[in-house]
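Q: After the structure tokens below, expect a handful of questions from me.
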């Protein structure tokens with residue numbers, strides 16, 4: 001970073017210790033940075049409102065308001081500002097908490113002038129990458145991720161932040177929300193975009209093949225090993241390993257993942273040679289991993305290793321304003337892939353789709369649009385083309401003046417839709433027999 005670029009950056013240092021502030025000011029001023037100082041969080045907030053701050057350096061332990069409060073405030077209100085947390089009480093859990101709250105780096109006291117300037121320079125370089133990634137996301141329709149709602153804007157901000165860092169990422173959300181799209185957006189908008197993105201389904205790896213799949217094997221290492229094979233981590237070195245459904249990983253897989261995350265090295269099956277790897281982990285789950293940790297089915301040490309940056313994906317029902325955009329986007333994409341005339345939708349159809357709860361999220365919406373392309377005549381989607389559960393939502397509101405029968409019927413239809421029409425599975429979830437379910441669905445079809 002050139003001195004001319006450094007001169008443009010404005011840094012705010014926050015600490016209740018005046019001597020500490022003076023050391024930061026002198027050190028960074030010598031390197032060409034502009035530095036402002038504050039002795040508490042309230043004063044820092046006032047400064048940030050009046051000035052465009054590129055980087056905040058804040059102490060953790062301060063009276064009344066601590067550094068984590070300031071980190072959260074900056075993260076929620078100033079996306080274009082980097083944060084370094086400084087503390088005399090370093091720990092892995094503390095670093096994770098600081099990063100999850102929005103800090104970009106963690107500096108332990110006592111630190112040297114070289115450590116301070118190096119950390120500042122790295123934070124500002126990541127900020128520049130983050131700004132570039134955000135511009136790219138906005139210009140390129142976010143790699144197929146569609147949305148202008150506030151929840152999705154928060155997702156885009158977290159994607160850009162994750163793309164600018166090489167920290168591990170945990171993406172959480174219900175099935176069908178687009179977790180792999182988010183993982184790919186992080187990878188392909190990051191500096192390592194030219195390296196390999198390797199998706200791994202954690203539920204599909206048998207325990208007997210865990211080491212071979214992750215680390216590779218030598219020729220002749222076991223029966224059937226007819227050639228040298230690279231594992232996922234070696235293939236993705238310098239890039240990204242996407243661990244899908246990490247919450248379903250076996251204990252054996254969890255132990256092997258923890259080892260490679262700790263040591264950044266692997267040993268192929270049938271070899272004694274250590275191979276260095278440098279792949280970033282982006283994991284995804286539709287489960288509450290902390291709940292699994294507390295129940296003893298997921299390793300706590302692995303949880304903290306993968307959950308440095310967390311990106312929760314909202315379900316579609318919590319971003320209703322994005323539904324018209326998604327309908328338009330999916331229809332346009334399919335029209336481009338399949339060919340033919342574009343679909344049009346009646347106002348009643350759009351209203352019904354906006355009012356629907358979408359238990360299968362974006363995937364369910366995509367599948368429905370695809371079905372329309374195959375089944376609808378004249379490329380005009382009308383109310384009779386909708387599934388029964390959506391037609392039902394037109395006639396029944398969601399207020400508290402609804403009958404118990406109406407609420408029961410809607411729940412039945414939503415459950416059936418969520419399992420793709422599988423009546424046996426739906427009956428099991430509803431805790432009724434299959435015959436009763438068939439009778440209820442027949443009655444609802446006649447009513448609709």
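The values are calculated or read from the model by the stated rules, or taken from the named source; none is laboratory data. On a predicted model such as this, the values are computed, not experimentally measured, just so you know. Backbone-built Cβ (ideal geometry, glycine too); neighbour counts: all protein chains shown.
Q: For residue 371, only one of the following conditions fails: (1) in contact with a helix residue (DSSP H, G or I) (Cβ under 6 Å, 6 or more places away or on another chain); (2) surrounded by fewer than 14 Cβ atoms within 10 Å (Cβ to Cβ); (3) at pLDDT 90 or above. What is its number?
A: (1) is the only condition that residue 371 fails.
Q: In segment 175-231, how many residues are touching a residue at least 24 places away in the same chain (Cβ under 8 Å) and closer than 30 Å to residue 161 by Cα?
A: Residues flagged as touching a residue at least 24 places away in the same chain (Cβ under 8 Å) and closer than 30 Å to residue 161 by Cα within segment 175-231 amount to 30.
Q: Check segment 201-208 and report whether any residue there is surrounded by 14 or more Cβ atoms within 10 Å (Cβ to Cβ) and out of contact with any helix residue (DSSP H, G or I) (no Cβ under 6 Å at 6 or more places or on another chain).
A: no
Q: Within segment 312-320, is even one residue closer than 30 Å to residue 260 by Cβ, more than 23 Å from the chain's Cα centre (by Cα) and at pLDDT 90 or above?
A: No: segment 312-320 contains no residue that is closer than 30 Å to residue 260 by Cβ, more than 23 Å from the chain's Cα centre (by Cα) and at pLDDT 90 or above.
Q: Let me ask another. Among the candidates 113, 88, which residue alone is modelled with pLDDT under 80 and within 20 Å of residue 24 (Cα to Cα)?
A: 88
Q: Still on this structure, I have one more. Residues that are closer than 19 Å to residue 115 by Cα: which strands (runs of 3 or more DSSP E) entirely in segment 31-89 hold 3 or more of them?
A: In segment 31-89, 55-59, 82-87 are the strands (runs of 3 or more DSSP E) which contain 3 or more residues that are closer than 19 Å to residue 115 by Cα.
Q: Any idea which of (1) part of a loop (DSSP other than H, G, I, E, B); (2) surrounded by fewer than 17 Cβ atoms within 10 Å (Cβ to Cβ) is the one residue 190 doesn't satisfy?
A: For residue 190, the failing item is (2).
Yes/no matrix, rows are residues, columns are (1) farther than 24 Å from residue 247 by Cα; (2) at pLDDT 95 or above; (3) surrounded by 15 or more Cβ atoms within 10 Å (Cβ to Cβ):
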{"position": "134", "(1), (2), (3)": "yes, no, yes"}
{"position": "157", "(1), (2), (3)": "yes, no, yes"}
{"position": "166", "(1), (2), (3)": "no, no, yes"}
{"position": "172", "(1), (2), (3)": "no, yes, yes"}
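Q: Would you confirm, using the coordinates I've provided, whether residue 179 is in contact with a strand residue (DSSP E or B) (Cβ under 6 Å, 6 or more places away or on another chain) and more than 22 Å from residue 260 (Cα to Cα)? Steps first, answer last, please.
A: Values: in contact with a strand residue (DSSP E or B) (Cβ under 6 Å, 6 or more places away or on another chain): yes; more than 22 Å from residue 260 (Cα to Cα): yes.
So residue 179 fits the description; yes.
Q: From 103, 123, grab the single residue that is at pLDDT 75 or above and part of a loop (DSSP other than H, G, I, E, B). Steps first, answer last, please.
A: On the way: 123 fails: part of a loop (DSSP other than H, G, I, E, B).
None of the other options fit; the residue is 103.
Q: Considering segment 211-257 alone, what residues qualify as being surrounded by fewer than 16 Cβ atoms within 10 Å (Cβ to Cβ) and in a helix (DSSP H, G or I)?
A: 251, 252, 255
Q: Out of (1) surrounded by fewer than 18 Cβ atoms within 10 Å (Cβ to Cβ); (2) modelled with pLDDT of 65 or more; (3) farther than 19 Å from residue 186 by Cα, the odd one out for residue 148 is which?
A: In the conditions (1) surrounded by fewer than 18 Cβ atoms within 10 Å (Cβ to Cβ); (2) modelled with pLDDT of 65 or more; (3) farther than 19 Å from residue 186 by Cα, residue 148 misses (3) alone.
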